[in-house]
Every structure is written in C-alpha cells, then in structure tokens.
1. In a helix (DSSP H, G or I), touching a Phe, Trp or Tyr at 6+ places or on another chain (Cβ under 8 Å) and at pLDDT 90 or above - does that describe any residue in the range 17-26?
2. Given the structure, is residue 367 touching a residue at least 24 places away in the same chain (Cβ under 8 Å) and outside any helix (DSSP H, G or I)?
3. Could you check how many residues of the range 333-354 are surrounded by fewer than 20 Cβ atoms within 10 Å (Cβ to Cβ), within 27 Å of residue 154 (Cβ to Cβ) and not hydrophobic (A, V, I, L, M, F, W, C)?
4. Among the residues of the range 302-347, write down those that are of a type in the set (S, T, N, Q) and under 16 Å from residue 189 (Cα atoms).
5. Could you count how many residues in the range 96-112 are in a loop (DSSP other than H, G, I, E, B) and within 14 Å of residue 126 (Cβ to Cβ)?
6. Are any residues in the range 159-216 of a type in the set (Ser, Thr, Tyr) and either at pLDDT below 85 or farther than 21 Å from residue 381 by Cα (or both), and if so, which ones?
7. Given the conditions (1) buried (at least 24 other Cβ atoms within 10 Å of the Cβ); (2) under 28 Å from residue 198 (Cβ atoms), which single one is not true for residue 322?
8. If the Cβ limit is 7 Å and pairs must be 6+ apart or interchain, which residue in the range 128-153 that is part of a helix (DSSP H, G or I) pairs with which residue that is crowded, with 18+ Cβ neighbours inside 10 Å and among the β-branched types (Val, Ile, Thr)?
Amino acid sequence: MGSRHNYAVPAMLERYRLLERFYTEICGNVGIGRGVSYLAKFPYLSPKAARLANRIVPAPVRRKTVCFWAPVMKHALRTIGSRIDLDEQYRESLRFAEELGAAMIRAGYGRATHVYSMLGEGGPFLVEARRRGIQVICEVYIALSADRIVAEESRQYPDFCQILPDYEAIRQELANRTSLVDLADWLVCPSETVKNDLTTRWGVHPARTAVVPYGVDPKWFDLEPKPVPKRVLFVGTANLRKGIHYLAMAANELAQRRKVYEFHIVGDVSDEVRCHRLCERLTFLGRLPHNRIEREFQKADVFVLPSLAEGSAQTTYEALAASIPVITTPAAGSVVRDGEEGLIVSERNTSALSEAIERIVEDRRLRNEMSARARRRAADYTWSHFGARLFGAITRFGHS
C-alpha cells in the first residue's frame, strides 16, 4: 500500500527477474488512478490527487502492476468528509486491509512461489498463500514494539498527543488476531534494532530474519552543502515517536546555557505539539515541497532525530548523503557510527542530546570531519546496494 521507497522493492525484484506480479491498492500511472491523478492540476480541489500523482510505478514494473479500485472506493466512501476518532480510524484501516486482501486472493497468485509483503499488508492474502504452500516474506519496516513504546510515552506526556487506541483490543474485537510473526516464513529487517526487537520481544528465531539496510536516492549526493552555523534540522512527523518533545527540551537546556541555536522542524505537526509551551524554541515549517526540503538539508549544520522507535529512518540516510553530521538514537536504526559520521545518544536522554548538539555545533573541525565522512558512508547505502543485499537475503531464504 502506498509508494514505500518509491517502489524500490518491486523494481529490484523485476531487475533480478523475480517479479511475477506487483499488487498495490492504487497508483498514479496505472488504471483508474491515472484519471484521478489528473486532478493534481487543481491542488486546492484535491490535495490527495496531487499526492497520488506522485505515485509513479517504474516503467519495467508497470506492466505487471495490478491495482484494486473497488476496495479503495469503498474505503473512501466510508471515510470521506467524516471526522472519526482514532479508534474508528484503526477499525476502518483493518476493514480496508481485509477487503483488499480478499480482492487480491480473487486476482490470484499466478506462478508465484513467494509473496513479499510490507509489514503483513494484505493479511488474508498471506494466510491463503501459506495454505497453498507459497512462502511469505515480510519486510518489518518499523519495530513491532512501536505501538507499545508510543502508548507508554503518551501516558507520560498526555498533553503532546491524543489518547491512543488499544490496538490489540480492537484487533481481537474484529477477530483480526493473526500476527505478523505468525503470517511470515521470513522477516526482512532494515536494521539490527528491528531484528533485536523481533528476537527478544516477539520470540522470532534469528535464522528467520535478514538485516537489509535501506538506500538513498543518488540526488542527495548532488546537493552542495551550504551549512548555516548553529542551525539544527529535524525532518519527519513531529510527534512522540520521533522524540520531538526531547528535542524541544534539549533546545531549552541549551538556551539556559546561553547556547541559542536555530531549530528547523520540517514535517507534519499537530496543534498540540506546535503550541506546546516546551516547543517555543522550535520553528515548525510544516510539510514542504521537495525543493524546499533540499534547501533545508543544504543549510543544516547538524541533523537531529531523537526517535524512540523506527525501522531505519530514511531521513538519516538522506542527511548523510547531503554531508550533514547526524545525531540520533539506537532506536532510529540508522547506519550512523558513533563518533564517525555523528553521535548516537540514548533515547529519552535530554542532557546527552543537548550536549551532543553543542559538541558538534561548537567544534567546527569535528563538525567538518564528520560532514566529510557522512557522504562517504552514504555511498555504501544507495538503492543499488539495497537491491543487491535484498536479492542475497531472498536467495538465502530460498535455500534455507
């Protein structure tokens, strides 16, 4: 569902002649989605159509792409113009997933020997695949414990977000109890962080897993760094899971030490966060077009992501490729090495976070050395490298 990694996985499968079919709910250049995406010319009329227009399946994959318009329409009719609460939003997402999976079963499996799913999407389709003896590979693009971690954090900081649903109770209510761990024969993890979460908290045997770090678009290597000293950049949804409240507290700590830096926050943000008293030193820029985001990366002195739960945060790869030192946490699942391309601080440690920011910003020699190493590190993590690593993992699964 969606265009995760700009369809890097189906593109890789096709490149290695492994792709039988590509199933997705809707995209901008196949079937009815092409017509809907024309509304992108009128963004004020339909901003969702503008986003759909950017979902462009690569040409080699397009002829094997099947979209499912009927479940999408039913889902849209049930949600359009309504303001449903978070509990009902989650119930609706499960209903949609069930309907989409059923439609995929009707479309069939062709000659497939394996199914590759993002985080267990298309649940009924995977259950039926297992029944038919087709092996299931699931990419776990975020730690499975993320919901629990965020729920615990929301209880500690209730004024930063709405009360979150009891996801497990809703799944049981709708008889949707098959877990990702039970659905999959094999699990692809973008980081050791995700693998460790699966093995220690969910009882997955390590042999069922493979760690395949993500890649970065080559365009980020072309950005010419023009860092503005003391400008700190955060890119992502400004919420509890991303640790925005800890960045806000670190900014306040720095100000108390008379270290006044710029904090640019790019991405969606709720009113609760934007207007929170702790966030007064953060400048929220909202969601920006790609060219504006690139300019923010060019001008960043340091990139900070104090996340509590990720898979392997894509923005950290982009920051490295843009030659920016990165400060992040083990939970971010990044490929940043502590003391080399940036600094790794423990989650929820505001003092360590503020000290790391100050250390890099104030020590220009260290900052420039980390900047040079950042781009060299990113060169080992392009989408081409990702494809080769994923092919190796799938091949290993096939011989296990």
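1. Restricting attention to the range 17-26, the residues satisfying the condition of being in a helix (DSSP H, G or I) are none.
No, the range 17-26 contains no residue that is in a helix (DSSP H, G or I), touching a Phe, Trp or Tyr at 6+ places or on another chain (Cβ under 8 Å) and at pLDDT 90 or above.
2. On the way: touching a residue at least 24 places away in the same chain (Cβ under 8 Å): yes; outside any helix (DSSP H, G or I): no.
When the stated conditions are applied, residue 367 does not pass them.
3. Qualifying residue count, the range 333-354: 6.
4. Taking the range 302-347 and keeping what is of a type in the set (S, T, N, Q), we get 307, 312, 314-316, 323, 328-329, 334, 346.
Hits for the range 302-347 are 312, 314, 334.
5. Filtering the range 96-112 down to residues in a loop (DSSP other than H, G, I, E, B) leaves 108-112.
Next cut, within 14 Å of residue 126 (Cβ to Cβ) only: 109, 112.
Here the count works out to 2.
6. Residues of the range 159-216 of a type in the set (Ser, Thr, Tyr): 167, 178-179, 191, 193, 199-200, 209, 214.
167, 178, 179, 199, 200, listed by residue number.
7. (2)
8. 129/115; 129/136; 130/136
The values are calculated or read from the model by the stated rules, or taken from the named source; none is laboratory data. As the structure is a prediction and not an experimental result, all values here were calculated from the model. Note: ideal-geometry Cβ built from the backbone for every residue, glycine included; neighbour counts use all protein chains shown.
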